[in-house]
Structure formats: structure tokens, C-alpha cells
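Down below is the structure, laid out as C-alpha cells.
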Amino acid sequence: MERNLKNVLVISFGFLLLFTAYSGLQSLQSSLNAEEGLGVASLSVLYAALTLSSMFLPPIIIKKLGCKWTIAVSMCCYVAYSLGNFYASWYTLIPTSMILGLGGAPLWSAKCTYLTIAGTLYAEKAGKSARDIINQYFGIFFLVFQTSGVWGNLISSLILSQSSNQGEISEEDLECCGAYDCLTDTTNSTGSERPSDSLIYTLLGVYSASGVLAVLLVIIFLDQIKSDQAETEKEKTPFWSTFLATLRHLKDKRQCLLIPLTMYSGFEQAFLSGDFSKSFVTCALGIQYVGYMMICFAGINSLCSLLFGKISQFTGRKLLFALAAVLNTSCIITVLLWKPDPKQLAVFFVIPGLWGVSDAVWQTQTNALYGILFEKNKEAAFANYRLWESVGFVIAFAYSTKLQVYIKAYIVLSVLVLSMLTYGAVEYLEAKSSPGTPAATKKENGGPHSQETHM
């Protein structure tokens, strides 16, 4: 096998193993560690640390360690989070959440740098276009990586379905499920009863082993690219320069108008994985169904991301944003009006399925929009994207334990409405500045559509 392709596959399967564990754990936090809101508090801290990490750490760490060892060390931060869940308390989970958040940004940056350099080196040797090879490498990576959400949640559902705590949920308990939930940290319904410690330890053991395997795979089989440090030193600006460029970019009116839309991505993902999974799925069906629900979301999300990336050049982004807004609004209204009932099993999967369709639009088209509007300042623009989406996650997880689900649903809906108004203003400004350019309209929809924002 060609050496560069081998390295791409090593990184791809390393990330697959690592995020199989992380995606499963993230989906379960609000249900597994519900006491005093520990689970969602840990996620809030995690995304706050990721925000800071994105601003300062990647250039420094990659310059000191090189790409290979940055990836390996950052992966260890994810393993620490899995281990912290074995004895979940404020003294273990919050510090390990901070460690994971700080390691997240260097991990993704090092991966991008490594694949870019590997593609460039191979293109030079083979006399091919560097852009084509790099796109091919990223395509291979995401093809493998995107399935991690499916495997992680499948593992959790298969293990937790062995629980002996499952039982019929009484009508009285069901009354406490849904948007107007009356569950507290100390009163759980039959459906949300915590699985036995042995099952939880088995699940965490599988996740931790998956993370350790990812680290070993990278350490043993990934080659250190000789030119990566030189490339990093040449291309990366000092961290304070990146930080100032990010702040300076806020002088652009269009960037300010896109803040609500970018933050909404964090709000809506946090609502589905934190609130819907706990107050609807875990409460009415049991924690073992959370994984199946998230598989439905992740699978449809991945398929639609691929589809929207291809059809956006024909439909235009405005139509796709309108579709996502209508679907998300419909889901939120359904959540507010519907009383969860185990007999209506299909509804528990239809909502996350439709949510996956709309989330695919938010991810692909918002990324593309940033790439097109801020073509000359992409680094500062995408730093703002990561910053404001992370802020959305932090706020949503921070108030998660303080408010009832119906209030949180109204907040998400309000942010969505505001997002669409400010997005409309951006489109108006664009149309005003470049009227009568149909060619530009076609070009505008072909931007990048990676889903790295899911961390």
C-alpha cells in the first residue's frame, strides 16, 4: 500500500475508534449523570475549554510536538474523559472535561495539517494536483469518521439493553415525561432508572479500550512527516495574532449578523442530545433507547450532508436554509405539544430523523456560507465560526439543569427565528452589493461542507 494512503487510513481509523467512545458518552451524559445536572455541566465546561483551546493552543502544541505526537497526546485527553466517568463526580468529571476541551482543538488542527501536508507531498511526487489529492484524503477521512456516531451509540444501546431495571412505565410516571417534565434529580421514573454499576463499568471499559486502541494505532503505525514542523512554523502565525484577527473580523457587519445562526447550531444540537434524549427517550422508553435514537439522527445527518453538498448548486442555499428552518420549527412545536407514549415508538425516531435533516443543512451550508462570504479572511472567519458555535453549546448546557424543557424549547425556537432574520439581512446585503450576477449565485453554493464542528 502506498505509504501516504496508509497514514491517511491510520488517522481515519484512529479518529473512528476515539469518537466511537466520545459520541456515545456525550449522548448519555444528561441521562447517565443526571444527579445535580453533573452530566450537562461537564459538557458545558468541555465546550468552554474547547473555545479557549481553539483560540490559543493549536499553533503552539503543533510547533512543539509535530503533528503525529500532537494527535497522540490530544487523544489521551479524550481517554481521560472516559476514565473520569468511571467515578463520576464534580471532582473527576469537571477536570477531565476541561482536559478534553483543551485537547480537542489541537487534535483537529493537527489532523488537518497532517492530511494537507501528506496530500501535498504525494502530489509533488506523483505530479498531480495537490488540491485533488488533499480533497481525496479528506473524503476518505470523513467517509470512515462519520460512522463513529453510529458505532458509539450502537455499543451503548446493546450493553444498556441488558439492564434488569427495565420495566413497564406507569401512566403516572409518563405524566412526568415530555416538555413539561416534572422529574427532579432525586425522583426518577421507571424508564430513567440508572442501569446497574456493572453494566455502566462494562460500557465505560469498552469506550476506554477503544480510546486506548486509537492512541496505540497512531503511536505505532502513523509516520512522522518530516516537513510538518517546518510547514507549521512557516504557515502558522503566533496565537495572539490569530486571536486579534478573530476579534478584528467582528468589524465586518456580515460576521456580526451571522453570530445568531452560528450559535443556533450549538443550541439545537445541545437540545437534542441533552433535553430530548433525557426528558423524552430516557424518561418514556429507558436509557437503552438513547443510542438507537442518536443512530437515527447521525445516520440521516451524514446521508443528508452528502446529498446537500451535491444538490446545493442546483437549489441554492436560501431554499435549503428555509427547508431546515421549517423542519426544525415543526420538530420544536411537536416537542411542545406531544406527550411521549411508548406505544408511539415511531415518533421517538421521526423527530431526531427530521432533526438530522435540518442539522445537515446548518452544518454544510453555514460552513459553505462562511467560506464564500469571507474568502479572503477564511482563518479568522472559521475561528469565529468555532467560537460562536461553542458559545451556543456552553450557554445551552449551562442553563439545561435550571429550566424546564418547554422553556428551553421556546429559547431554541426564539434563537432560530432571530437566526433566520439576521441570515436574511446577510443575503439582502449580498444581493445589494452584487446585483444581477447569476454566475456568482452558482458559485456561492459550492463551498466546504465538513462536519468537524461536531468535535
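Here is how the numbers come out for the structure above:
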quantity: The one condition in (1) within 28 Å of Asn153 (Cα to Cα); (2) touching a residue at least 40 places away in the same chain (Cβ under 8 Å) that Gln344 fails to fulfil; calculated: (2)
quantity: Residues within the range 171-197 that are open to solvent by less than 50 Å² (accessible area, probe 1.4 Å) and modelled with pLDDT under 70, tallied; calculated: 5
quantity: Filter result for Ser74 (at pLDDT 85 or above, polar (S, T, N, Q), outside any helix (DSSP H, G or I) and not assigned by the TED database to the domain that holds Gln288); calculated: no
quantity: Checklist (1) of a type in the set (Gly, Ala, Ser); (2) at pLDDT 95 or above; (3) over 26 Å from Ala49 (Cα atoms) applied to Ala440, failing item; calculated: (2)
quantity: Test: residue in the range 48-58 that is of a type in the set (Val, Ile, Thr), under 26 Å from Trp388 (Cβ atoms) and either touching a helix residue (DSSP H, G or I) at 6+ places or on another chain (Cβ under 6 Å) or not assigned by the TED database to the domain that holds Ser208 (or both); calculated: yes
quantity: Check on Leu28, crowded, with 24+ Cβ neighbours inside 10 Å and within 17 Å of the chain's Cα centre (by Cα); calculated: yes
quantity: Residue that is under 17 Å from the mean Cα position of the chain (by Cα) and under 29 Å from Glu430 (Cβ atoms), where the choices are Val361, Val394; calculated: Val361
quantity: Residues located in the range 55-78, provided they are under 30 Å from Leu199 (Cβ atoms) and open to solvent by 20 Å² or more (accessible area, probe 1.4 Å); calculated: Cys76, Cys77
quantity: Single match in Leu18, Leu52, Leu5, Leu46 (criterion: under 22 Å from Leu102 (Cβ atoms) and open to solvent by 20 Å² or more (accessible area, probe 1.4 Å)); calculated: Leu52
quantity: Conditions (1) without any contact (Cβ under 8 Å) to a residue 60 or more places away in the chain; (2) more than 30 Å from Leu121 (Cβ to Cβ); (3) polar (S, T, N, Q): number failed by Ser53; calculated: (2)
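Yes/no per residue for (1) out of contact with any Gly (no Cβ under 7 Å at 6 or more places or on another chain); (2) more than 24 Å from Ala209 (Cβ to Cβ); (3) of a type in the set (S, T, N, Q); (4) open to solvent by less than 40 Å² (accessible area, probe 1.4 Å):
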site: Ala80; (1), (2), (3), (4): yes, no, no, yes
site: Thr116; (1), (2), (3), (4): yes, yes, yes, no
site: Tyr122; (1), (2), (3), (4): yes, yes, no, no
site: Ala126; (1), (2), (3), (4): yes, yes, no, no
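The values are calculated or read from the model by the stated rules, or taken from the named source; none is laboratory data. Small disclaimer: the values here were computed from a predicted structure and weren't measured. Every residue, glycine as well, gets a Cβ built from its backbone with ideal geometry; the counts of neighbours run over all protein chains shown. Quick note on the areas: whole protein, heavy atoms, side chains included, nothing else; ligands and nucleic acids left out. Shrake-Rupley method; radii C 1.70, N 1.55, O 1.52, S 1.80 Å.
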